[in-house]
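Structure first, commentary second.
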Amino acid sequence: MPVYSQTVMDHFMNPRNVGEIENADGVGEEGNPVCGDMMTFYIKVKDDRLEDVKFKTFGCGAAIAVSSMVSEMAKGKTLDEVMEITPQTVADKLEGLPKNKFHCSNLGAQALHKAIEDYRKKQKKGGK
Ligand code: FES
C-alpha cells in the first residue's frame with residue numbers, strides 16, 4: 001500500500017473545484033491507457049488569465065488529488081504561467097507521490113494544457 005502525504009490525503013478526501021463549467025472556453029481530456037483512468041479539465045479565460053477551473057476525474061486517489069491540486073495552482077494564473085505547470089511541480093506541491101503513483105501526476109498537467117490549447121485554437125478560429 002503506497003504511503004501518501006497529508007496533502008495528498010487532504011486533496012483526495014476534499015477535492016477542490018470538482019465539476020464542469022457550462023460554456024467553457026476550453027476543454028481538455030487526458031487518459032492513461034494502462035490504468036484506464038480519465039481526467040477532463042474545463043477552463044474559463046478572462047484577460048489571458050484562468051478565471052475558473054473545474055475538473056472531472058474518473059481515477060485513482062492520487063489522480064483525484066493531482067487534479068484538485070492542479071486546479072488550485074492554475075486558478076488566476078496567466079495562460080503562459082499555467083503552461084509551465086509540470087507533473088513534477090504538481091507532485092512537489094503535493095509533498096511527493098509514491099514512486100509507483102508518479103504517473104498519475106502526468107494526467108493533470110496534460111489535461112489542463114490541452115484545455116488551454118483548445119481555447120487557443122478556438123480563439124484563432126475567431127470565436128468561442
Ligand atoms: Fe491511473 Fe493513478 S492509477 S491515474
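Residues are listed down the side, and each one gets a yes or a no for (1) at pLDDT 95 or above; (2) within 16 Å of the ligand (Cβ to nearest atom); (3) assigned to a helix (DSSP H, G or I):
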site	(1), (2), (3)
Gly36	no, yes, no
Val53	yes, no, no
Val66	yes, yes, yes
Ala111	yes, yes, yes
Asp118	yes, no, yes
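Test Val53 against the criterion of being within 19 Å of Glu22 (Cα to Cα) and of a type in the set (A, V, I, L, M), and give yes or no. So Val53 passes the test. Can you pull out the residues in the stretch 76-100 that are in contact (Cβ under 8 Å) with a residue 40 or more places away in the chain and either among the aliphatic types (A, V, I, L, M) or farther than 20 Å from Val18 by Cβ (or both)? Scanning the stretch 76-100 gives Leu79, Leu94, Glu95, Gly96, Leu97, Pro98, Asn100.
Selection over the stretch 34-52 of residues that are within 22 Å of Gln123 (Cβ to Cβ) and touching a Gly at 6+ places or on another chain (Cβ under 9 Å) gives a count of 9. Looking across the stretch 17-45, the residues that are of a type in the set (D, E, K, R) and within 14 Å of the chain's Cα centre (by Cα) come down to Glu20, Glu29, Glu30, Asp37, Lys44. Of all residues in the stretch 14-34, those that are away from the ligand (no atom under 16 Å from the Cβ), assigned to a strand (DSSP E or B) and among the small types (Gly, Ala, Ser) total 1.
Only residues that are in a loop (DSSP other than H, G, I, E, B) and surrounded by 14 or more Cβ atoms within 10 Å (Cβ to Cβ): list them for the stretch 74-93, please. Correct list: Lys75, Lys77, Ile85, Thr86.
Going residue by residue through the stretch 40-51, is there one that turns out to be surrounded by fewer than 18 Cβ atoms within 10 Å (Cβ to Cβ) and within 13 Å of the ligand (Cβ to nearest atom)? Taking every residue of the stretch 40-51 in turn, none turns out to be surrounded by fewer than 18 Cβ atoms within 10 Å (Cβ to Cβ) and within 13 Å of the ligand (Cβ to nearest atom). Scanning the stretch 55-64 for residues being under 10 Å from the mean Cα position of the chain (by Cα) and in a helix (DSSP H, G or I) gives a total of 2.
The values are calculated or read from the model by the stated rules, or taken from the named source; none is laboratory data. A quick note: this is a predicted structure, and the numbers were derived from the prediction, not measured. Positions of Cβ are backbone-derived with ideal geometry, glycine not excepted, and every protein chain shown enters the neighbour counts.
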